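Working notes, structure below.
The values are calculated or read from the model by the stated rules, or taken from the named source; none is laboratory data. Please read all numbers here as calculations on a predicted model, not as lab measurements. Quick reminder, even Gly has a Cβ in these numbers, built from the backbone with ideal geometry, and neighbours come from all protein chains shown. Just so you know, the surface numbers come from the protein's heavy atoms only, side chains and all, with ligands and any DNA or RNA stripped out. Shrake-Rupley method; radii C 1.70, N 1.55, O 1.52, S 1.80 Å.
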Amino acid sequence: QVQLVESGGGLVQAGDSLRLSCAASGRTFIIYTMGWFRQAPGKEREIVARITRRGNNTYYADSVKGRFTISNDNAKNSVYLQMNSLRPEDTAVYYCAASDLAPPTSRVDRYRYWGQGTRITVSS
């Protein structure tokens, strides 16, 4: 099993920056892709960004391209999401997730392991 713990959420104003961290533990060697997802009230969970463990394949949702950056540190078994120029529509609970399946995927159902989520609220 893999355990994921997120940190870094909070209340910010539009235009601010925030960095989310996710630390993985357990059988981390099975992880192929790690992703950040978010779920706003009344909406389905959606992919924000993902990165392969090797770091050579990344993907961003169109809504965050140019504003968010995903990175990882395999030595620390961690993945990060740097979020700049935050907007009110970025308000959601953000989840870190890990997939042990190849190829890299953005599908929620392909991620077996999930963190508890961290809430981000962006005020206008």
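Values computed for the structure shown
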| item | result |
| --- | --- |
| Taking the chain and dividing mean pair separation by its residue count, relative contact order in percent (alpha carbons under 8 Å, at least six apart) | 36 |
| Quotient of Cα Rg and 2.2 N^0.38 Å for the chain, N being how many residues it contains | 0.97 |
| Whole-percent carbon and sulfur share, accessible surface of the stretch 25-98, 1.4 Å | 44 |
| Residues of the stretch 7-124: accessible area per residue with a 1.4 Å probe, Å² | 51 |
| ³J(HN,Hα), Karplus 6.51/-1.76/1.60, whole Hz, each residue of the stretch 36-45, x for Gly, Pro | 10, 10, 9, 9, 8, x, x, 10, 6, 5 |
| The stretch 57-63 - phi-based ³J(HN,Hα) in whole Hz, Karplus 6.51/-1.76/1.60, Gly and Pro as x | 9, 10, 8, 10, 5, 4, 5 |
| Total charge dipole magnitude, the stretch 29-113, about the Cα centre, Cβ charges on Lys, Arg, Asp, Glu only, Debye to nearest 20 | 140 |
